[in-house]
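The values are calculated or read from the model by the stated rules, or taken from the named source; none is laboratory data. Everything numeric in this text was worked out from a predicted model, so none of it was measured. Virtual Cβ from ideal backbone geometry, glycine too; neighbours counted across all protein chains shown. Please note that ligands, DNA and RNA were not included when accessible areas were found on the heavy atoms of the full protein model with its side chains. Shrake-Rupley method; radii C 1.70, N 1.55, O 1.52, S 1.80 Å.
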Amino acid sequence: MARVLRQWWTESNRDMLVLSQDKLIKTLVAAPASRFEAVGGTINGIEFAGNPSSDETLILAHGFGSGLGFFFRNVDALLDSNKYRRVVLFDWLGMGGSERPSCRAAPVRGWSEFTTSFCNSRFNPADAVRFFIDPLHAMLEEHDIDNATLVGHSLGGYLSARYALQYPRRLSRLVLASPVGFPEKPHDALPQSKLPTGLRIVDALWSSNVTPQQLVRLMGSTRGRHNVKRALRGRIPHLQESEVDSLADY
């Protein structure tokens with residue numbers, strides 16, 4: 001029931017997301033795309049044919065809360081380089097058009113680490129990493145991809161690096177584009193009580209598994225889309241208005 005109400009309020013679901021993704025790619029990328037699904041359809045992806053004389057595949061891995069469609073400006077230039085036999089874009093499990101497992105089968109924190117209320121999968125860090133990189137490995141094996149260049153952006157950079165450490169022979173190159181990392185908490189970190197009020201609120205929401213994407217969904221379809229467009233114009237000011245519209249729909 002909760003999922004039905006959310007889909008009604010946001011006017012969105014996984015199928016609609018994939019349709020908006022396909023529209024974005026068809027509108028903003030000159031090269032034709034073909035479907036690239038894997039792991040029984042749980043992983044959403046698309047591929048572009050490149051230089052048939054090359055034996056190298058380029059794989060682009062997006063960051064947190066993003067999706068494969070955000071690489072729309074990179075695809076044609078990469079194909080024009082003639083370095084790659086094909087360029088593959090995919091969505092991490094639980095993001096974009098890929099399947100969203102039930103909350104207890106995904107790395108979801110509850111409102112407190114001491115309670116299971118509001119769904120707490122109690123994944124440890126190793127479990128959380130495997131949740132993402134195991135489907136990636138299954139995808140590469142299913143499509144018999146090796147000698148690949150894996151490009152990871154933001155959280156995708158961290159996960160790509162973890163994948164390369166576990167399966168170094170599967171890749172020929174690893175490219176980290178503005179990657180994130182997760183160091184140990186410093187001993188001199190400020191306690192939450194000494195943070196500014198705004199940061200305390202952000203920390204409390206984030207620690208309770210409340211993401212920016214959830215806040216956008218709470219706004220509903222019209223207001224949520226409006227605020228996404230504002231965020232896109234502010235963070236990526238060089239976008240054309242048609243690109244902003246397509247990304248906001250996506």
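How far apart, in nm, are two points set 7 Å out from the Cα along the Cα-to-Cβ line at Arg169 and at Leu239?
4.3 nm
Just to confirm my numbers, what's the Cα centroid distance between the stretch 75-100 and the stretch 54-68 in Å?
Centre-to-centre (Cα) distance: 4 Å.
Heavy atoms only, 1.4 Å probe, whole protein assembly: order His62, His153, His187, His238 by accessible area, highest first. Don't jump to the answer; show the numbers that get you there.
Values: His62 5, His153 80, His187 195, His238 115 Å².
Sorted descending by solvent-accessible area, the residues read His187, His238, His153, His62.
Go ahead and set up a Gaussian network model of the chain, Cα springs under 10 Å, then flag whichever of Leu159, Leu215, Leu190 fluctuates most.
Comparing Leu159, Leu215, Leu190 in the GNM, the peak value goes to Leu190.
With a 1.4 Å probe and every protein chain left in place, work out the accessible area per residue of the chain in Å², rounded to a whole number.
Roughly 59 Å² per residue, with all protein chains present.
Within a Cβ distance under 15 Å of Lys26, other residues only, what is the Lys/Arg minus Asp/Glu net charge?
Neighbourhood net charge equals -3.
Which longest uninterrupted range of the chain lacks any trypsin sites (Lys or Arg not before Pro) assigned by DSSP to a loop state (not H, G, I, E or B) and surrounded by at most 13 other Cβ atoms within 10 Å?
Answer - 123-250.
What helices does the chain hold that run 18 Å or longer along their axis, going by alpha-carbon atoms, with a Kyte-Doolittle average of -1.0 or more, using DSSP H for the helix calls?
Membrane-span-like by this criterion, though nothing is claimed about a membrane: 14-28, 125-142.
Give, in nm to one decimal, the length gained when the segment between Val180 and Ala126 is fully stretched (0.36 nm per residue of separation minus the Cα-Cα distance).
Using 0.36 nm per residue and subtracting the Cα-Cα distance, I get 17.8 nm.
What is the magnitude of the charge dipole of the stretch 129-250 about its Cα centre, with +1 placed on the Cβ of each Lys and Arg, -1 on the Cβ of each Asp and Glu, and no other charges, expressed in debye to the nearest 20? Could you put the intermediate results ahead of the total?
Numbers: 15 positive and 12 negative charges, 111 e Å.
Taking the Cα centre of the stretch 129-250 as origin, the dipole is about 540 debye.
Among Ala106, Ala38, Phe131, pick out the residue whose Cα is farthest towards the positive end of the charge dipole of the chain, where Lys and Arg carry +1 and Asp and Glu carry -1 on C-beta, about the Cα centre.
Toward the positive end, the furthest listed residue is Ala106.
For a test of the definition: using alpha carbon positions, the gyration tensor, and the 1.5 limit on a/c, classify the stretch 134-240 as rounded, prolate or oblate.
oblate
Charges only on Cβ, +1 for Lys and Arg, -1 for Asp and Glu: so what's the dipole of the stretch 123-178 about the Cα centre, in debye to the nearest 20?
About 260 debye.
Set the Förster distance to 25 Å, then compute FRET efficiency between Ser221 and Ser102 from the Cβ-Cβ distance, nearest 0.05.
The calculated FRET efficiency here is 0.50.
Connecting C-alpha atoms closer than 10 Å in a GNM of the chain, tell me which of Ser98, Ser160, Ser34 has the biggest fluctuation.
Ser34
What dipole magnitude, in Debye to the nearest 20, does the chain give about its Cα centre under +1 on Lys/Arg Cβ and -1 on Asp/Glu Cβ?
Dipole about the Cα centre, nearest 20: 820 debye.
Given the options Ser20, Ser81, Ser178, state which has the largest fluctuation in a GNM of the chain using a 10 Å cut-off (strictly under) for Cα springs.
Of Ser20, Ser81, Ser178, the Gaussian network model singles out Ser81 as fluctuating most.
Check the straight Cα-Cα distances from Lys23 and name the lysines below 18 Å, setting aside those fewer than 8 residues away within the same chain.
Lys229
Ignoring ligands, DNA and RNA, please state the percent of accessible area on the chain from carbon and sulfur, probe 1.4 Å.
56 percent
When the helix-only estimate is applied to the chain (DSSP H runs of n ≥ 4, each -39,500 (n - 2.57), divided by the residue count), what is the mean residue ellipticity at 222 nm, nearest 500 deg cm²/dmol?
That comes out to -12500 deg cm²/dmol.
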